[in-house]
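To keep things clear, I will list the structure first and then write my remarks on it.
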Amino acid sequence: MSGLKLRGVRKSFGSVEVIRGIDLDIEPNEFVVFVGPSGCGKSTLLRMIAGLEGITEGELDIGGTRMNDVDPSKRGIAMVFQTYALYPHMSVRQNMGFALKFAGVAKDEIDRQVDEAARILELAPLMHRRPGELSGGQRQRVAIGRAIVRHPEVFLFDEPLSNLDAELRVHMRIEIARLHKELATTIIYVTHDQVEAMTLADKIVVMRDGSVAQVGSPLTLYDDPDNLFVAGFIGSPKMNFLKGVVAESGADVRLPEYGDQIIPLHDSVARPAAGTDVTVGIRPEQFEPDGRTKLDLKIEMIEHLGGETYVYASHNDGEVITVAARDARAVKPGQNFVARFNPTSVLLFGTDGNRIR
Amino acid sequence: MNFMIVRRAAVYLSLSIATFISIFPFYWMVVGATNESRDIVTGKSTIGTNLVANFQNLLAQVDLAQVFWNSAVVAIAATVLTLAVSSLAGYGFEIFRSRVRERIFQILLLLLSIPFAALMVPLFVMISRAHLSNTFTAVILPTVASIFIIFYFRQATKAFPGELRDAARVDGLKEWQIFLYVYLPSMRSTYAAATIIVFMTSWNNYLWPLIVLQTEDKKTITLVISSLTSAYTPDFGVILLSTVLATLPTLIIFFVLQRQFVQGMLGSVK
Ligand SMILES: Nc1ncnc2c1ncn2[C@@H]1O[C@H](COP(=O)(O)OP(=O)(O)OP(=O)(O)O)[C@@H](O)[C@H]1O
Ligand SMILES: [Mg+2]
């Protein structure tokens, strides 16, 4: 298990810069998840770490060695691909042993390693099959097995579960978490899926347009986002963003689009000048029946999930706010709805999108 | 309802005609091989009793073993070399990026439109200057870099997943090893289809061997059949028998590789 250090890492394809200077430290044995919208450069960054894409500028250090120009097979990494990328003409056993065979490992030793990986992943009954004869979940396990056999210092996963159905995805997610414990290696994992990111990660790296928007533990990103982008990206349903203005007193935020409702500013928050435009962020699940501040809304749509109910409501046909409500089975679209929350739970963002703390 | 029946009938009728048109010459050839020349000329189209006699006549006129050997050497060598060179080129064109690759490829496709008749003479001059005339090398060499096969492999390579190459690179394979140990075996049906095409083309090639092969001991089966037809009194029984024999190898190859051939033409990577 090696740690990684990225310093000012950049990548351009022709004149287009897709990775724009990334600094990142990954501790040994850490489970790091890259998330971000499509096209933000997650795969590219992962492939640069793997050595499948060149690094235009900056330094990549794995386990204390500069790896910028080292061959992929010599970086101590193994990669699991989104499409599994199993060799179609080889059996499961041959697929898993292929890298070792090329590294000149003796046949008995290859067999031992492959059997060990097969045991961990419960692949023993499938060893003679071809990839074409396996289900999606089984192929995924073989792909992971092929990675394990190489005993990498760092595992790289690029959206490994995105081709599986929902149930299998949950199952494999738990499997991967278990593997991380059992193998005790560093894992870098790319995903679109919030739940995967929140449940698997020790540390989440939120990326945006080729840069890092924020790095932190899942709960840090959820509770204490640095900017609007991260606040909006982490959490489902999304955080509500309300337009606000700092009131004359400087101690309150006024919500002009919600009947000039006043939210008193928390003492620990820096006080922007009166009249400053701000964005007030409040998560759907932070509304509570006995909150001190209220918004008068009219219900537009309701989603009953059984345990929870999501109420989509607006004030004077303005922007729709999502409220997660318990005990709201009886409410109907068109009704008036009072959403209450505590002013201490809101987050404030400046016009530049950064948190006002 | 009536319309449906008429439509069906029309489909079946046209399919029957097409089948007849494609099968009849074949049938005629096989039947003719068993008949006397006289009967063939008068249009007899039932199995005859002259097969053995035709065979003896054929053996009396040509060294059949030598001729088959010549054709086989040429066709097999041409197939192996063409597949090796042209598949590598097609793979390279698709996999490796370069600013000029599309330009070069377009030029290649343009060259495809130059008729062989226009290339024949300069090609022959080149071959003679290289002192290769009347050798198998001379027959094979000009066909090895086949633009059509390069094009075919480039198209097929589009279906070869990039992540498979990446996986192989992470597993420690060099570029040539990826080609040899990952690409080649996983594109088996493409190779099978190309094998049939190249082998048939080479086996049936007539004009170019006619130009570069001069001595009897080098002649291939197509040249021999042609010389049989130009005899003063052509024996059609012998000619058709030799044609049947000449068809057999391609037929065998086709049936052996048939399944892969169809898959390869449909362009599937398993
Ligand atoms: N080989 C390439 N040549 C040119 N541009 C590329 C290449 N590979 C990726 N890009 C561009 O780089 C950007 C980042 O791509 P990347 O695949 O890393 O995104 P991603 O975050 O993994 O997206 P997704 O979540 O959809 O997988 C995209 O705008 C993409 O178009
Ligand atoms: Mg991606």
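Within the bounds of the range B:149-162, is there any residue that is charged (D, E, K, R) and within 12 Å of chain A (Cβ to nearest Cβ)? No; the residues of the range B:149-162 include none that is charged (D, E, K, R) and within 12 Å of chain A (Cβ to nearest Cβ). Picking from residues in the range B:112-134 that are of a type in the set (Ser, Thr, Tyr) and over 20 Å from the mean Cα position of the chain (by Cα), the one that is farthest from B:Leu83 (Cα to Cα) is B:Ser128.
Which pairs do you get when a residue that is over 16 Å from A:Phe155 (Cα atoms), found in the range A:34-45, comes within reach of a residue that is modelled with pLDDT under 95 and within 9 Å of ligand 2 (Cβ to nearest atom), reach meaning Cβ atoms under 9 angstrom, with the pair 6+ apart or on two chains? Once the first residue is over 16 Å from A:Phe155 (Cα atoms) and sits in the range A:34-45, its partners that are modelled with pLDDT under 95 and within 9 Å of ligand 2 (Cβ to nearest atom) give A:Val35/A:His192; A:Gly36/A:His192; A:Pro37/A:His192; A:Ser38/A:His192. Taken over the range A:87-103, the criterion of being part of a loop (DSSP other than H, G, I, E, B) and more than 10 Å from every other protein chain (Cβ to nearest Cβ) is satisfied by A:Ser91 alone. Residues considered: B:Ala168, B:Ala159. Of these, the only one that is of a type in the set (Gly, Ala, Ser) and within 12 Å of A:Tyr87 (Cβ to Cβ) is B:Ala168.
Among the residues making up the range A:35-77, those that are among the charged types (D, E, K, R) and within 16 Å of ligand 1 (Cβ to nearest atom) are A:Lys42, A:Arg47, A:Glu53, A:Glu57. Using the structure shown, decide if B:Lys174 is surrounded by 13 or more Cβ atoms within 10 Å (Cβ to Cβ), touching a residue at least 60 places away in the same chain (Cβ under 8 Å) and not polar (S, T, N, Q). Answer is no for this residue.
Note on the range A:173-221: residues that are among the hydroxyl-bearing types (Ser, Thr, Tyr) and within 28 Å of A:Arg141 (Cβ to Cβ) total 5.
Restricting attention to the range B:221-254, report how many residues are surrounded by 14 or more Cβ atoms within 10 Å (Cβ to Cβ) and not in a helix (DSSP H, G or I). Total meeting the criteria: 1. Considering A:Gly132, A:Gly145, the condition of being in a helix (DSSP H, G or I), within 14 Å of another protein chain (Cβ to nearest Cβ) and surrounded by fewer than 18 Cβ atoms within 10 Å (Cβ to Cβ) is satisfied by A:Gly132 alone. Can you tell which of A:Thr309, A:Thr322 is within 29 Å of A:Thr276 (Cβ to Cβ), within 28 Å of the chain's Cα centre (by Cα) and at pLDDT 90 or above? The unique qualifying residue is A:Thr322. The set of residues in the range A:323-357 that are under 25 Å from A:Glu303 (Cα atoms) and surrounded by fewer than 12 Cβ atoms within 10 Å (Cβ to Cβ) comprises A:Arg326, A:Asp327, A:Arg329, A:Ala330, A:Lys332, A:Gly334, A:Asn336. Elements of the type strands (runs of 3 or more DSSP E) sitting completely within the range A:1-86 and holding at least 3 residues that are within 14 Å of chain B (Cβ to nearest Cβ) and farther than 26 Å from A:Leu221 by Cα: these cover A:77-80.
The values are calculated or read from the model by the stated rules, or taken from the named source; none is laboratory data. Model, not experiment: these values are computed from the prediction. Because the Cβ atoms are built from the backbone with ideal geometry, glycine has one as well, and the counts that use them run over all protein chains shown.
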